[in-house]
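Q: There's a structure below that I have some questions on.
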Amino acid sequence: MSSPRRKVVVGVLTAVLLAGTGVAQAAPAPVPVPQERAIAATITWTLQRASNPTQDQRTAYDLITSAMNAAVARYNNLSDLGKNITVRYDPGVPTADGNINGTIRFGNRGYMNERTALHEIAHTIGVGTSSGWSRLGGGGTWTGGQATALVRQFDGASARISTGGGHFWPYGLNYDNEFSGTAANRHVQIVAAMVRDGL
């Protein structure tokens, strides 16, 4: 084979090999497409305990733990609200109280139940304790559209959420005689709707 022809053949073969399918080339890795995923917040709680509790304190801790576990489970099951709550037993508190700073104090044994825990968690989230509450509920009726639509779904087209003294009704669970499984579920759903309204 003559030299010029050899150069042409080698050149053609080289071009075919470099461009052909016989040459393994690493394909660029596909760029992952970011998936938008909403992660639900959760309510968590801790109980501040005495290092050497008395029998009275141990009894209170058991009642509070049962009440808070039930209430937090209901909130986490029915809403995407988030809050870290610190709970204390304080015998000087006549009933129980909740603060937007994330603290709940239980005093009286008669209030160490799920109904009270649900109600006080609502206070830590902003019911009766936030500027949004003052703006949307300060006039005696909740004016936010989400919670209003929800209570009308529950109770009819003329239903409204009344407000006063940092509380709401219906479904505010202000007294033990208001508690039922349905009322407790609706309480959580209304509080979550109030948050969406701007609580």
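The values are calculated or read from the model by the stated rules, or taken from the named source; none is laboratory data. What you see is a predicted model, and the numbers here were worked out from it, not measured in a lab. Backbone-built Cβ (ideal geometry, glycine too); neighbour counts: all protein chains shown. Note: areas computed on protein heavy atoms with side chains; ligands, DNA, RNA excluded. Shrake-Rupley method; radii C 1.70, N 1.55, O 1.52, S 1.80 Å.
Q: Please list the equivalent ellipsoid semi-axes of region 82-146, computed as the square roots of five times the alpha-carbon gyration tensor eigenvalues, in descending order and whole angstrom.
A: Working: eigenvalues 118, 30, 21 Å².
Largest first, region 82-146 gives 24, 12, 10 Å.
Q: Let me ask something additional. Give me the net charge for the shell around residue 147: Cβ to Cβ below 15 angstrom, other residues only, Lys and Arg +1, Asp and Glu -1.
A: Summing Lys and Arg as +1 and Asp and Glu as -1 gives +3.
Q: Right, something else. Which order do the peptides 118-129, 139-150 take when ranked by the mean count of other beta-carbon atoms within 10 Å per residue, highest first?
A: Values: 118-129: 24.1, 139-150: 17.2.
Going by the mean number of other Cβ atoms within 10 Å, highest first, we get 118-129, 139-150.
Q: Between residue 84 and residue 51, what is the label-to-label distance in nm when each label sits 7 Å out along the Cα-to-Cβ direction?
A: Inter-label distance under the simple model: 2.3 nm.
Q: How much of the accessible area of region 71-190, in percent, comes from carbon and sulfur atoms when a 1.4 Å probe is used?
A: Numbers: 2370 of 5220 Å².
Result for region 71-190: 45 percent of the exposed heavy-atom area is carbon or sulfur.
Q: Just the number please: accessible area per residue for region 51-199, 1.4 Å probe, all protein chains included, in Å². Walk me through the numbers before you get to the answer.
A: Numbers: 6680 Å² over 149 residues.
With the other protein chains kept in place, region 51-199 gives 45 Å² per residue.
Q: Over its Cα atoms, what ratio of radius of gyration to 2.2 N^0.38 Å does region 150-199 give? Walk me through the intermediate numbers first.
A: On the way: Rg = 10.6 Å, N = 50, 2.2 N^0.38 = 9.7 Å.
That works out to 1.09 for region 150-199.
Q: A further question on this structure: Give the accessible area for residue 155 in Å² (nearest 10); use a 1.4 Å probe, count only protein heavy atoms, and leave out ligands, DNA and RNA.
A: Surface open to solvent at residue 155 totals about 70 Å².
Q: Using bins 10 angstrom wide from zero, how does P(r) for region 51-116 break down, in % of all Cα pairs?
A: Calculated over all Cα pairs of region 51-116, the distribution is 20, 53, 23, 3 percent.
Q: Same structure, new question: Can you tally the net charge around residue 100? Count Lys and Arg as +1, Asp and Glu as -1, for every other residue whose Cβ sits under 15 Å from the Cβ of residue 100.
A: Numbers: positive: 83, 105, 135; negative: 97, 120.
Result for the neighbourhood of residue 100: +1.
Q: Quote the Stokes-Einstein diffusion coefficient, in whole µm² s⁻¹, for region 85-199, based on the Kirkwood radius over alpha carbon pairs, a temperature of 37 °C and a viscosity of 0.692 mPa s. Display every interim value, and only then the final one.
A: Numbers: Rh = 14.2 Å.
The Stokes-Einstein estimate is 232 µm²/s.
Q: For residue 149 and residue 134, compute 0.36 nm times the residue count separating them, minus their Cα-Cα distance, and round to one decimal in nm.
A: On the way: separation 15, 0.36 × 15 = 5.40 nm, distance 1.95 nm.
That pair, residue 149 and residue 134, stretches by 3.4 nm at full extension.
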